[in-house]
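The values are calculated or read from the model by the stated rules, or taken from the named source; none is laboratory data. Fair warning: this is a prediction, and the values are worked out from it, not measured in the lab. Backbone-built Cβ (ideal geometry, glycine too); neighbour counts: all protein chains shown. Accessible surface areas use protein heavy atoms only, side chains included; no ligands, DNA or RNA. Shrake-Rupley method; radii C 1.70, N 1.55, O 1.52, S 1.80 Å.
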Amino acid sequence: MSSPGSGIFNGFTKLCKGLAVILVGGHIVVQLLPVSVTYLALIPARTIPFGWNLITAGYIEQSVHGVVISTLGLLFMGKLLEPVWGSKEFLKFIFIINFLTSVCVFVTAIALYYVTMEEKYLYMPISGFHGVLTGFLVGIKQILPDQELHLLKIKVKWLPSLVLLLSIAISFFTHESATYLPTLIFGTYIGWIYLRYLQRKPESKLRGDPSEEFAFSTFFPEFLRPIVDPIASIFHRMLCGKSEISSDSQGYTLGGAPLLGSDPIEASRRRERGARALEERLAAEKLVTGRNSEEAHIDASDRV
C-alpha cells in the first residue's frame, strides 16, 4: 500500500524516467570504468578528435551527489515542463542546451588556457547535467514567474538568479569552480536565448517570448535594470536586427513588420498553461494523498 506522502513522487513522465536511467547508468559506468571519463567527459585538449564528448559530457555525473541532484531535478522539473512544452520540444530543449553549453564551455576553457597558460584548463574533465537543470529553471521562470515557493518565501522567477549567485559565491572558496561554474552560467544564458528567441510555438507558428516579464534584465534586481537594459539591447539587436516597440498588440516590429514570436498574448497564454498544469498536478497529488489516507484508515479499522 502506498504511503500518504507518496503523491509527490507520482506523475513522472516516461521520458524523464528514461533520461534518469541514462544519468544513473552513466554514473555507474564511470565508477566501474574510470578510464571511460577520458572518452565521455569534456576534456578540452581531447575534444578534437573526440568531438562526441560535447554531447556525452552532459549526461555523465562523476559524483554521487551530482547524480542525485541531477536525477531529482530532471524528474521534478520535467514533470512541470514536459506537459506544457510537449515531449518532443522538451527533448529538443535538453539536446540543444546540453550541446551549446558544452561548446561554450570548450571555447571558454581554451580561452582561459591562452590567457593564463595553465594546462589544467585543457585537461580538467568537465561533465554533468547541471547546465540543463539551470536551463529548466529559466523555463519555469517563464511559465510560472509569480508562483511562490512556500519553504523559501521567494518567487520562482528568482530561482535562476539565486542559483547563479550562490554558485559564484561558492566558487571563491573552492578550487574546482572551473568544472561547474561556466556550465551553470552558459546553461542559464543559452536556456534564456532559446526560450526568448528560438522556441517554436506550433499552435501559433510564432517563435520565442518577447514579453517584458521575460526580458534579460528581469534576472537582476530592480535597481540594476537601468544599467543592464542598454547592454542587453545590444545583444537583442544582434539577434533580431534593429527593432522598435509597436504601439499595437503585435509587440516588436522590424521595418513595420512584426518579428517572429512578437505576440504578448501568446506569452500570457503560455504562463496560463503553466499555472494550469501546476494546479492540475497539485490537485492530482492531493487526491492521491487523500485516497491513500482513507485506505490507511480503512485498513487500520479492519485490523481492529
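Annotations for the structure displayed:
- Test: residue in the range 4-15 that is touching a Pro at 6+ places or on another chain (Cβ under 8 Å), modelled with pLDDT under 95 and open to solvent by 30 Å² or more (accessible area, probe 1.4 Å): no
- Residues of the range 126-160 that are farther than 25 Å from S63 by Cβ, within 13 Å of the chain's Cα centre (by Cα) and open to solvent by 20 Å² or more (accessible area, probe 1.4 Å): K157 alone.
- Members of the range 50-79 found to be polar (S, T, N, Q), open to solvent by less than 10 Å² (accessible area, probe 1.4 Å) and within 15 Å of F106 (Cβ to Cβ), listed by number: N53
- Unique residue being assigned to a helix (DSSP H, G or I) and either at pLDDT below 90 or in contact with a Cys (Cβ under 8 Å, 6 or more places away or on another chain) (or both) when the list is V163, V228: V228
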